[in-house]
Every structure is written in C-alpha cells, then in structure tokens.
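Quick note: the coordinates plus some simple rules give every number you see, no bench work behind them. Note that the structure is a prediction, hence the values are computed from the model and not measured. Neighbour counts run over all protein chains shown; Cβ positions are idealised from the backbone, glycine included.
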C-alpha cells in the first residue's frame with residue numbers, strides 16, 4: 001500500500017487572472033447605474049433586462065419550445081411567424097402595409113436597443129450609453 005497524500009498541502013498554482021484585471025475597481029458609470037436600481041420610474045435597460053419577473057405565459061412558452069427541441073438559432077431576421085404577426089399588428093393598428101423584409105426581430109434585447117440607436121443616431125450625436 002502506498003503512502004497517504006497530505007491533502008492539507010495543496011500546491012499553489014498561479015492565478016490565471018492577471019493582477020491588473022484582479023485589481024480593477026468598479027467604474028463610475030456602474031456606480032451611477034446602481035443608484036437607479038429600485039426606482040419604479042426607471043427601466044434599467046443598462047443591464048439588458050428589467051427587474052420584473054418574466055410573465056408565466058412567456059415562461060410556459062419557453063418551456064414548451066425547449067420540449068419541442070426549438071434550441072437552435074433562428075433566421076438572422078427573426079422567426080418568420082413572429083415577423084408576420086408584427087406585420088399584421090402594424091397593419092391593424094396603423095393601417096399601413098409594412099413589407100415583411102422591413103421587419104427584423106433581433107435575438108437579444110440589447111441588440112434591439114443597439115440596432116434602434118444605429119437607425120437614428122448619426123456620427124457626432126451625443127448619447128448616453130451605460
């Protein structure tokens with residue numbers, strides 16, 4: 001039988017994280033953003049999500065989609081049926097027949113925000129992005 005290893009002597013390995021990264025301090029913008037948390041009049045888009053619980057019908061639909069194997073990336077323009085539903089909603093609410101090729105559903109909320117900003121912000125415009 002071999003000798004038992006002393007488990008109290010764990011070899012010291014250098015951290016894979018660089019010291020200058022470990023010593024980073026939170027930035028001022030992050031501190032300002034934290035000041036807004038809990039304010040019912042603010043929607044904290046700077047975190048890419050709200051502080052509201054996702055409604056049950058959305059959670060249920062997500063569970064159903066997982067069970068149905070819908071776990072792959074969608075078309076870059078978004079799910080066609082959803083785009084068509086938005087097209088119909090737009091037609092019904094504004095009486096404008098918007099071509100389907102003009103409707104895109106980004107795959108993430110922050111991508112939607114960035115895309116919307118890129119559509120309206122010009123070089124030289126001043127915006128605040130947290």
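Seen from a random direction on average, the alpha-carbon convex hull of the range 19-130 projects onto 11.9 square nanometres. Peptides 103-114, 52-63, ordered by how many other C-beta atoms sit within 10 Å of their residues on average, highest first, read 103-114, 52-63. Dividing the Cα radius of gyration of the range 76-121 by its Kirkwood radius returns 1.00 for Rg/Rh.
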